[in-house]
Ligand code: UDP
């Protein structure tokens with residue numbers, strides 16, 4: 001297994017070999033250090049997209065923490081003979097960060113999802129983590145001309161941690177492009193997590209998650225993902241053929 005904390009490259013995209021304990025420790029360190037730290041959670045689909053999108057690849061590779069969010073990525077690391085410690089999902093790390101934020105008095109901001117979704121997620125987060133400070137929320141449907149206004153709103157709310165739930169590559173590019181403008185300590189891309197937190201979308205049952213079958217659950221419940229997910233076998237083939 002890779003030494004904890006080591007970075008490995010899969011098709012040119014870097015990932016950290018960490019477990020949740022190390023990841024959360026790092027996040028707490030980030031909240032105490034200077035400047036913005038960015039967390040990304042690539043899965044096989046995102047690594048494949050990064051093959052054709054240099055900006056996305058550069059955004060992931062310049063992040064401060066890159067978590068393998070998917071069984072495909074862990075499998076690929078094994079094929080390459082550099083096994084990552086484990087799959088670490090953005091959703092589960094987000095839950096741990098929320099708990100720590102509540103305990104340590106760190107405020108959060110939720111950015112992303114359709115109008116109303118971040119508000120719904122905030123309500124449920126407050127129920128699950130009573131006492132947590134939610135500095136603000138904003139939907140994720142704005143164009144680049146409105147970006148500075150949204151950033152102004154975030155900075156005004158002055159959160160410690162910003163969750164960006166706009167899907168890949170939008171969220172990775174937004175965080176990287178605005179690294180110097182965003183005045184918070186941590187920004188993390190969390191994909192569809194606000195949809196789950198708001199109750200709009202359900203996560204796979206634990207038994208399927210533990211069996212590495214979350215992708216199958218998503219495919220069954222959201223068949224429109226078929227095209228997106230069909231890159232998975234291609235991804236593994238590419239990894240096998242690029243193995244040295
Ligand atoms: N989204 C957004 N702005 C956009 C496009 C998407 O806020 O311009 C949101 C969308 O509403 C959804 C999330 O981004 O909540 C992407 O979810 P998806 O399940 O595709 O992300 P994944 O978890 O697979 O990365």
Once each part is reduced to its C-alpha centroid, what is the distance from region 160-215 to region 26-103 in angstrom? 10 Å
Just subtract the alpha-carbon distance of residue 237 and residue 21 from 0.36 nm times their residue separation and send over the number in nm, one decimal. 74.6 nm
Can you tell me the 0 to 90 degree angle between the C-alpha axis of helix 90-104 and the longest principal axis of the chain, rounded to 10? 40 degrees
Can you tell me the equivalent ellipsoid semi-axes for region 56-108? Use √(5λ) from the Cα gyration tensor, largest first, whole Å. 27, 14, 8
Can you classify region 138-244 as rounded, prolate or oblate using the Cα gyration tensor, where a ≥ b ≥ c are the square roots of its eigenvalues, rounded means a/c under 1.5, and otherwise it's prolate if a/b beats b/c and oblate if not? prolate
In cubic angstrom, how much convex hull volume per residue do the alpha carbon atoms of the chain span? 123 Å³
Report the gain in length on full extension from residue 143 to residue 29: 0.36 nm times residue separation, minus Cα-Cα distance, nm rounded to one decimal. 37.8 nm
Would you mind computing, in nm to one decimal, how far apart the modelled labels at residue 62 and residue 208 are, each placed 7 Å from Cα along Cα→Cβ? 3.7 nm
Folded to 0 to 90 degrees: helix 20-32 orientation relative to the chain principal axis, Cα: 40 degrees
Calculated P(r) of region 13-88 - Cα pairs past 20 Å, %: 32 percent
What per residue convex hull volume, in Å³, comes out for region 24-155 when only alpha-carbon positions are used? 139 Å³
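Read the figures in this text as sums done on the coordinates, not as results from a lab. As the structure is a prediction and not an experimental result, all values here were calculated from the model. Neighbour counts are summed over all protein chains in view; Cβ atoms, including those assigned to glycine, are modelled from backbone coordinates with ideal geometry.
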